[in-house]
Amino acid sequence: MASSDERRFEVLRAIVADYVSNQEPVGSKAIVDRHNLGVSSATVRNDMAALEEEGYITQPHTSAGRIPTDKGYRLFVDRLADIKPLSQAERRAIINFLDGALDLDDVLRRSVRLLAQLTRQVAVVQYPTMSTATLRHLEVVPLTPARLMLVVITDAGRVDQRTIDLGDVVTDESVARIRDVLNSKLSGRPLTDAAARVAELPDQAPGDLRDALVRVCTVLVEHLVDHPEERLVLGGTANLTRNVADFPGSLRQVLEALEEQVVVLKLLAAARNPGTVTVRIGEENEDAQMRSTSVVSIGYGRDDMLLGGMGVVGPTRMDYPSTIAAVRAVANYVGQILAGS
């Protein structure tokens, strides 16, 4: 960039910093007083006029200062050369908080609570997606002589349960044999591969187990193939109400949209690779109800395997550097915890 363009970006950066901090339109005098740009108020005014003409800032009221537009925030985010790393104390706090988790559910609940506290925004975490998972173990538990509980455990620590009515009485020995058949054929298989193998199991089973296995496999196929109910954990929704002015006339729409799971899943859809942060600002959000918000999302997982997405939703007037750092750090630790699970 030419030096004048660089200086204008510094003016934009100053406007973003002050507006995010104070929620007040920023004038040229304030920029000169608070930021050591080494130029006069007149030069800053000229730069602000150029930025306004190019659509990076706007004037909300006559004779007021300027505030960033979505386009201005986008340029600011795209030129974030360095994300301020979390302090050692913050990192230790994250590790200690997440390390105390008992199981996958607890890990994700703690992650949401932590993200909401660190960013003061709405936090959302997606359960590990079934489509990328591998079956670790299948447990079969007799509830009554004619009813079983099937427990599906994946390599990501996800545990799902299904109740199966057999229509006939089976012995504990038969339950143990069913468990052995399922695990010998399916454990260690990707879920996408396991679904195809399940359908073959009843034909390969001993005659006395066939009827029970047909019922078990029917439920298991439905579980492996048909799982549109990707689960989410949401927290910190009350944070949006701290600054209602950030959502002029649209806070209710945002809250309603967050209640719709499909909308939230779309917000996380851009998170394709573990460790890669995606920022969608205002009008860049596909859902019309979310266009007064910014969404900072990331994939979490192990190595190159994506397990799920997480992120935060807040107003476009957001502390992007700190938010990106927090989202990245929590995702990194969740990936490490699940890798060791």
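A compact table of results
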{"read-out": "J(HN,Hα) series, the stretch 186-200, from Karplus relation 6.51 cos²θ - 1.76 cosθ + 1.60, nearest Hz, glycine and proline x", "value": "10, 4, x, 8, x, 4, 5, 7, 4, 4, 5, 6, 4, 4, 8"}
{"read-out": "Amide H contacts of ILE57 (H built 1.01 Å from N, under 5 Å, at least 5 apart or other chain)", "value": "GLU52, THR69"}
{"read-out": "Two-site label geometry, GLN261 and ASP304: point separation in nm, points 7 Å out along Cα→Cβ", "value": "3.1 nm"}
{"read-out": "The chain - percent of accessible surface contributed by carbon and sulfur, probe 1.4 Å", "value": "48 percent"}
{"read-out": "Theoretical gain in end-to-end length, ASP106 to GLU54 [0.36 nm per residue, Cα-Cα removed]", "value": "14.0 nm"}
{"read-out": "Average Cα contact separation per residue, the stretch 134-226, under 8 Å, 6 or more apart, as relative contact order %", "value": "27 percent"}
{"read-out": "Partners for LYS29 among lysines (Cα-Cα distance below 30 Å; same-chain residues under 8 apart left out)", "value": "LYS71, LYS84"}
{"read-out": "The chain: relative contact order in percent, alpha carbon pairs under 8 Å with at least 6 residues between", "value": "18 percent"}
{"read-out": "Using distinct alpha-carbon pairs, which all enter the 1/r mean, Kirkwood radius of the stretch 4-79 in Å", "value": "12.0 Å"}
{"read-out": "Rounded accessible area per residue of the stretch 4-79, 1.4 Å, Å²", "value": "51 Å²"}
{"read-out": "Amide H contacts under 5 Å for HIS35, placed H, 5+ residues apart", "value": "none"}
{"read-out": "Residue-averaged [θ]222 nm for the chain, counting only DSSP H segments that reach four residues, each worth -39500 (n - 2.57)", "value": "-14500 deg cm²/dmol"}
{"read-out": "Sites GLU90 and ALA238 - FRET efficiency at Förster radius 22 Å, r taken between beta-carbons, to 0.05", "value": "0.45"}
{"read-out": "³J(HN,Hα), Karplus 6.51/-1.76/1.60, whole Hz, each residue of the stretch 165-178, x for Gly, Pro", "value": "8, 7, x, 7, 7, 10, 7, 4, 5, 5, 4, 5, 5, 4"}
{"read-out": "Mean Cβ count within 10 Å, highest first, over the residues of peptides 35-45, 177-187, 65-75", "value": "65-75, 177-187, 35-45"}
{"read-out": "Placed amide H near ARG302: partners under 5 Å, 5+ positions off or other chain", "value": "LEU307"}
{"read-out": "Percent of alpha-carbon pairs separated by more than 37 Å within the chain", "value": "35 percent"}
{"read-out": "Formal net charge of residues neighbouring ARG197 (Cβ-Cβ distance under 14 Å; K, R +1; D, E -1)", "value": "-1"}
{"read-out": "Rg to Rh quotient for the stretch 53-157, alpha carbon positions, Kirkwood Rh", "value": "1.23"}
{"read-out": "Accessible surface, the stretch 134-226, averaged per residue in Å² (probe 1.4 Å)", "value": "50 Å²"}
{"read-out": "Relative contact order, percent, the stretch 4-79 [alpha-carbon distance under 8 Å, six or more residues apart]", "value": "35 percent"}
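The values are calculated or read from the model by the stated rules, or taken from the named source; none is laboratory data. Everything numeric here is computed off the predicted structure, so don't read it as measured data. FYI the Cβ positions are ideal-geometry reconstructions off the backbone, even for glycines, and counts take in every protein chain you see. Accessible surface is based on the protein model in full, side chains and every heavy atom, while ligands, DNA and RNA are left aside. Shrake-Rupley method; radii C 1.70, N 1.55, O 1.52, S 1.80 Å.
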